[in-house]
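Taking it in order: structure first as structure tokens, then the write-up.
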Amino acid sequence: MIELKSVSKWYGSFQVLDDCSTRIEKGEVVVVCGPSGSGKSTLIKTINALEPVQKGEIWVNGTPVHDPKTDLPKLRSHVGMVFQHFELFPHLTVTQNLTIAQVKVLRRSLDEARKRGLKMLERVGLMAHKDKFPGQLSGGQQQRVAIARALSMDPIVMLFDEPTSALDPEMVGEVLDVMVSLANEGMTMMCVTHEMGFARKVASRVIFMDVGGKILEDCTKEDFFGNPDARQPRTKDFLGKILQH
Amino acid sequence: MAWDWQMFCEDTLDRTVREGCFGKDGDITYLDWMLSAWGWTVSVSLLALLLALVAGVVIGTIRTLPDSKWTVRFGNAWVEVFRNIPLLVQIFLWYHVVPAIFPAMKSMSGFVLVVLALGFFTSARIAEQVRSGIQALPRGQRHAGMAVGFTTWQTYRYVLLPNAFRIIIPPLTSETMNIFKNSSVAFAVSVTELTMFAMQAQEETGRGVEVYLAVTGLYIVSAFTINRIMTFVEKRVRVPGLAAPGAAGGH
């Protein structure tokens with residue numbers, strides 16, 4: 001479904017991704033973790049070309065993302081993305097947020113778009129808020145609307161870029177619940193997150209990145225959490241720190 | 001000092017006071033003249049405003065386009081040119097220099113040239129506001145627009161510009177009021193707008209105080225009307241739950 005082949009990226013002379021390669025199969029849930037500055041967010045954003053890369057190949061469902069001739073808006077329209085800071089469109093109501101891209105990009109009728117959007121809103125449990133503006137919702141609610149917005153486009157894969165790290169602690173759960181149910185339904189997902197509980201529960205694989213943009217580990221969840229002796233010292237150190245608390 | 005407001009009812013040729021203050025059968029009183037001059041002021045201002053808004057939004061937008069060095073440079077050059085030359089000098093440039101370079105423009109009236117001069121001058125200022133409005137938005141908004149499949153144009157049309165516009169309404173209000181006030185420089189190329197009227201009527205009647213007070217009143221009424229309209233617009237487009245910038249615009 002998704003394949004990265006030796007992807008490297010630089011900001012000027014500063015290297016943010018260093019020869020990253022991985023594959024994600026249909027239905028897999030891959031969690032990407034690592035210290036800040038390790039290029040996790042950059043890596044996930046290269047998949048829908050929000051961050052261009054200088055070297056390597058990226059394939060999404062047979063489409064070459066690295067190819068300048070690729071119709072990127074079309075590709076992005078079926079790759080769902082959820083951001084750290086939600087990024088709902090603040091001047092539109094919840095319903096408009098859910099329908100605008102369906103109408104303008106997928107060319108669905110407003111009726112059809114509304115039906116689909118509200119179904120997704122129902123699924124994240126926010127039907128009561130359909131006519132509110134994003135600024136009137138809590139962070140957790142905004143993030144669930146953002147997930148519903150991405151789902152309304154019938155994505156073939158969902159990318160999550162630290163979806164819970166800007167949330168108050170008591171709101172993390174409601175967002176993770178939605179993500180877990182998505183994963184259990186077989187959605188292909190790639191999640192940058194520090195929520196190791198989520199990784200343990202639903203991840204099929206875990207990727208660990210280290211400063212300098214290198215993929216240090218790329219293994220099954222069982223291996224990652226259950227077999228510490230096979231891990232790199234850097235990974236053990238990181239896991240030790242975040243699992244202590 | 002005795003004020004003589006009756007002078008507005010005088011005929012402009014024979015200086016006799018006319019019944020009802022308005023001239024009949026082609027005669028005109030100073031009041032007629034002043035209202036027509038006000039009409040010119042309003043026409044120059046509104047047309048220049050339209051031009052300034054269109055050009056300003058386009059130039060301001062292209063200065064924020066990702067990965068297009070040349071449009072950004074063009075936009076920057078535009079702003080610097082029109083912002084760094086005094087308005088009055090720009091009016092004269094349009095009147096004397098531009099037609100000398102482009103002979104086709106020789107037949108253009110002073111009115112058109114003033115609209116162009118004032119419109120482009122103000123477009124540079126509006127472009128600067130549009131640019132800063134767009135750049136003030138969280139960077140993620142552009143990504144969010146792109147991520148749902150919007151093209152660059154759609155991202156601007158449906159996400160960035162509507163939000164940037166809401167941020168810049170207060171400075172836009174100032175700019176709109178400025179256009180009305182700046183339109184007074186049109187007298188320099190003989191457009192018979194309010195300031196031109198004031199200078200001539202003062203000379204003919206010697207009633208400078210009354211003339212300038214009346215003209216000042218009309219400028220204030222015009223600018224204040226614009227201010228009210230913009231405040232209304234600002235209220236209409238306010239988004240619930242979003243921090244509203246200063247309630248009343250204009251300085």
How tilted is helix B:208-236 with respect to the longest principal axis of chain B? Cα atoms for both, answer in degrees (0 to 90, nearest 10).
30
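May I ask you to sort A:VAL206, B:VAL58, B:VAL239 by Cβ crowding, counting other Cβ atoms within 10 Å and putting the fewest first? Walk me through the intermediate numbers first.
Numbers: A:VAL206 23, B:VAL58 15, B:VAL239 18.
Ordered from fewest to most neighbouring Cβ atoms within 10 Å, A:VAL206, B:VAL58, B:VAL239 come out as B:VAL58, B:VAL239, A:VAL206.
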By count of other Cβ within 10 Å, fewest leading, how are B:CYS9, A:CYS33 ordered?
B:CYS9, A:CYS33
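Test of understanding: what is the full-extension gain from B:GLN202 to B:ALA104, defined as 0.36 nm times their sequence separation minus their Cα-Cα distance? Present the calculation step by step, with values, prior to reporting the outcome.
Numbers: separation 98, 0.36 × 98 = 35.28 nm, distance 3.64 nm.
Length gained, B:GLN202 through B:ALA104: 31.6 nm.
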In whole Hz and in residue order, list the ³J(HN,Hα) couplings for the range B:127-142 that follow from phi through the Karplus curve 6.51 cos²θ - 1.76 cosθ + 1.60, θ = phi - 60°; x for Gly and Pro.
4, 5, 5, 4, 4, 5, x, 5, 6, 6, 6, x, 4, x, 5, 4
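Could you list A:ASP161, A:ASP177 so that the one with the fewest beta carbons within 10 Å of its beta carbon is first and the one with the most is last? Numbers along the way, then the final one.
Numbers: A:ASP161 26, A:ASP177 14.
Going from sparsest to densest Cβ surroundings: A:ASP177, A:ASP161.
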Per principal axis, descending, Cα span of the range A:62-143 in whole Å
42, 30, 23
How far is it, in nm, from the label point at B:LYS181 to the one at A:GLU222 when both lie 7 Å from their Cα along the line to the Cβ?
7.6
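What percent does the relative contact order of chain A come to when contacts are Cα pairs within less than 8 Å and at least six residues apart?
Numbers: 455 pairs, mean separation 66.1, N = 245.
Reported as a whole number, the value is 27 percent.
For peptide A:79-90, how many partner chain Cβ atoms fall within 10 Å of a residue's Cβ, on average? The partial results should precede the final answer.
Numbers: counts 3, 2, 5, 2, 6, 1, 5, 3, 11, 2, 9, 10.
Mean shielding by partner chains, rounded to a whole number: 5.
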Per-residue average of Cβ from other chains inside 10 Å of B:136-146:
5
Calculate, for A:THR70 and B:THR216, the FRET efficiency according to 1/(1 + (r/R0)^6) with r their C-beta to C-beta distance and R0 56 Å; round to the nearest 0.05.
0.35
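Could you pull out the longest piece of chain B with no exposed loop trypsin sites (Lys or Arg not before Pro) in it, calling a site exposed if DSSP puts it outside H, G, I, E, B and it has at most 16 other Cβ atoms within 10 Å? Show your work: numbers first, answer last.
On the way: sites that count: B:ARG15, B:LYS24, B:ARG238.
In chain B, the maximal stretch lacking such sites is B:25-237.
Over 29 Å between Cα atoms, which of A:LYS214/A:LYS241; B:LYS24/B:LYS106; A:LYS40/A:LYS201 qualify?
B:LYS24/B:LYS106, as the Cα separations exceed 29 Å there.
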For B:ASP4, project a label point 7 Å along Cα to C-beta. Then give me every residue of the range B:191-220 with its amide nitrogen under 19 Å of that point.
B:198-215
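To the nearest 20 debye, what is the magnitude of the charge dipole of chain A about its Cα centre, counting +1 on the Cβ of each Lys and Arg and -1 on the Cβ of each Asp and Glu?
Working: 31 positive and 30 negative charges, 130 e Å.
Around 620 debye, computed over chain A.
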Dipole axis of chain B (+1 Lys, Arg; -1 Asp, Glu on Cβ), positive-most option in B:PHE197, B:ILE168, B:ALA104
B:ILE168
Calc'd 3J(HN,Hα), the range A:117-131, phi into Karplus 6.51 cos²θ - 1.76 cosθ + 1.60 (θ = phi - 60°), Hz, glycine/Pro = x, comes to x, 5, 4, 5, 5, 4, 5, 8, x, 10, 3, 5, 9, 5, 9
I want to make sure I understand the PRE zone here: with the label point 7 angstrom from the Cα of B:GLU80 toward its beta carbon, which residues in the range B:128-172 have backbone N atoms less than 20 Å away?
B:128-132
Residue range of chain A that is longest and free of trypsin sites (Lys or Arg not before Pro) which are both DSSP loop and sparsely packed (at most 13 other C-beta within 10 Å):
A:108-245
Expressed in angstrom and rounded, the centroid-to-centroid distance over alpha carbons for the range A:9-28 and the range A:194-245 is 17
For the pair B:LEU242 and A:LYS201, how long in nm is the line joining their label points, each one 7 Å along Cα→Cβ?
3.4
At 7 Å along Cα-to-Cβ for each site, give me the label-to-label distance between B:VAL17 and A:LYS55 in nm.
9.3
Within the range A:121-207, which GluC sites (Glu not before Pro) sit in a loop by DSSP and count at most 11 neighbouring Cβ atoms inside 10 Å?
A:GLU185
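We did not get these values from a lab; they are worked out from the coordinates using the rules stated. This structure is a prediction, so every number in the text was calculated from the model and none was measured. For neighbour counting, all protein chains shown are included, and Cβ atoms are generated from backbone atoms with ideal geometry for every residue, glycine included.
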